[in-house]
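Just below is one structure, and these are the notes that go with it.
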Amino acid sequence: MKKTFVVLAAAFAFAACATPPPAPVPSNTNASSAKAVVPITDAEATGKEKAAWEAIQKKDYDAFGAMLASDAIEVSPTDVNDKAATIANVKDFEPTEVFFSDWKVVHLDNDALVVTYNVRVKGKYQGKDFGEETSRASSGWVHRDGKWTSVYHQECPIAKPIPPPPSVKAPAASATASPAVVPATTGPDPIANEKIVWDFFKSRNYDGFASILADDFIQVLTTGVDDKAGAVKVDRFDASKSELSDWRTLKIDDDAALVIYVAKGPSHGLNGERHTTIWTQRDGKWLARFHHGTPIEKAPPQPPTKASPAATSSPK
């Protein structure tokens, strides 16, 4: 879950659900869903996402806010924003041209999903024109109180593919080598699960890493969207000096939870990166289902507050 470098300097919209997966997903005991979830088509899901962008273009912030859950989280290059901050930031963003492509829907369980897509945007930010920006977007959705609402959003810019890292040759086993350690067991705590992932990275135990990824795991990178096999190959980097901090969690529903944190060190850019992983329970085991990340940027300096005439006048 590495090499994710990010994002547009604005808060963007979130989308809605999708068609049911080809195979049954585990049932969800989300207490807020009094009735069985009525699935919608992929076309309906992408339509809801586009409607959120249209609300921003029309500056209909009440409509946009109504699409967000009360506990919605948006990961920006400079911070992690709650619902109120997300809506406030969106008011600085004026998209004039928006183009979408490469839609994918990730089913977490019956009541939750993630939609990912590419978006190309032109417009203004804080009144100033910005050039065309293209990014990969991810939005997490949950069915609560009879409707789908967005609980998570994150983006990263689209970058050119980078050469794969050199393969790491494992040291030869000695006759006195210790027996293999049984991997730690994942559970409902997403922070503990994520620390297990990084223990695997630091020990270069990529088989162990693969063992706690769902078979249909998806990872969103600046260079592309990887499946499980691709993620296991990409995530081979030196994590020995990586430091993790600023942990946050969000319960999506009874069978899905996300964790957001900061990774700093030589492998994580100048300011570090924010990573998000969604963990889901399947057949009694918690597995990583989805990952996205963003490089941290320093917040731009705020313009000085204009002093009032009374404050700047000379004393009598």
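Values in this text are rule-based calculations from the coordinates and carry no lab data. What you are looking at is a predicted structure, and each value in this text was computed from that prediction instead of being measured. A quick note on method: Cβ atoms are made from the backbone with ideal geometry, for glycine too, and the neighbour counts reach across all protein chains shown.
Observations
- Ranked by how many other beta carbons lie within 10 Å on average, peptides 104-114, 194-204 from highest: 104-114, 194-204
- Full-stretch length increase - residue 191, residue 78 - with 0.36 nm per residue and alpha-carbon distance subtracted: 38.5 nm
- By the equivalent-ellipsoid construction on the alpha carbon gyration tensor, region 42-157 comes out with semi-axes of 22, 16, 13 Å, ordered largest to smallest.
- A simple spin-label model places pseudo-atoms 7 Å from Cα toward Cβ; at residue 124 and residue 207 they are separated by 6.0 nm.
- The modelled label-to-label distance between residue 223 and residue 159, using points 7 Å beyond Cα along the C-beta direction, is 0.9 nm.
- Linear extension gain, residue 61 paired with residue 285, 0.36 nm per residue minus alpha-carbon span: 76.7 nm
- Percent antiparallel among DSSP beta bridges (both partners in region 42-157, rounded to 5): 90 percent
- What separates the Cα centres of region 137-153 and region 118-133 is a distance of 25 Å.
- Amide H contacts for residue 217 (H built 1.01 Å from N in the peptide plane; partners 5 or more residues away or on another chain; cut-off under 5 Å): 228.
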